[in-house]
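All remarks here apply to the structure that follows.
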Amino acid sequence: MFNHFLNFLAPAFWLAILVPLLGRLFFKSKSANPRLWMQVAVNFAVNMLVLVIGLWYFGRDGKMASYTGMTLACTTSQWLMLRGWRSTKR
């Protein structure tokens, strides 16, 4: 049962790590930049919530709609943490 639980959370964990790392690689932000571990923790919590909602709604794990929702929610939370609405050009 524990193995199933870890496999359920694995996509949420890896996406939570990859989004901030790739964001740092491709986008240089001059606004407030939270620590990497904080970004990973927030993104992981958001991803877990979306996966649990997807499991509840669809009644099973592994639906592409859940993974799509997880990706959209993760990138949105990352954008909010980095204050993406602020323009970097002045």
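The values are calculated or read from the model by the stated rules, or taken from the named source; none is laboratory data. Computed from a predicted structure; not experimentally measured. Note: ideal-geometry Cβ built from the backbone for every residue, glycine included; neighbour counts use all protein chains shown. Ligands, DNA and RNA are excluded from the accessible area calculation, which covers all protein heavy atoms including side chains. Shrake-Rupley method; radii C 1.70, N 1.55, O 1.52, S 1.80 Å.
Do we find that Leu9 is open to solvent by less than 60 Å² (accessible area, probe 1.4 Å) and either touching a helix residue (DSSP H, G or I) at 6+ places or on another chain (Cβ under 9 Å) or without any contact (Cβ under 8 Å) to a residue 40 or more places away in the chain (or both) in this structure?
yes
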State whether one or more residues within segment 36-58 are part of a loop (DSSP other than H, G, I, E, B) and open to solvent by 80 Å² or more (accessible area, probe 1.4 Å). no
So which residues in segment 59-88 are open to solvent by 50 Å² or more (accessible area, probe 1.4 Å) and on the phi > 0 side of the Ramachandran plot? Gly59, Arg83
Ala16 vs (1) among the hydrophobic types (A, V, I, L, M, F, W, C); (2) under 10 Å from the mean Cα position of the chain (by Cα); (3) loosely packed, with under 12 Cβ neighbours inside 10 Å: all pass except (3)
Go through segment 19-35 and report how many residues are more than 16 Å from the chain's Cα centre (by Cα) and part of a helix (DSSP H, G or I). 2
Could you run through segment 49-83 and say how many residues are more than 15 Å from the chain's Cα centre (by Cα) and closer than 26 Å to Lys28 by Cα? 1
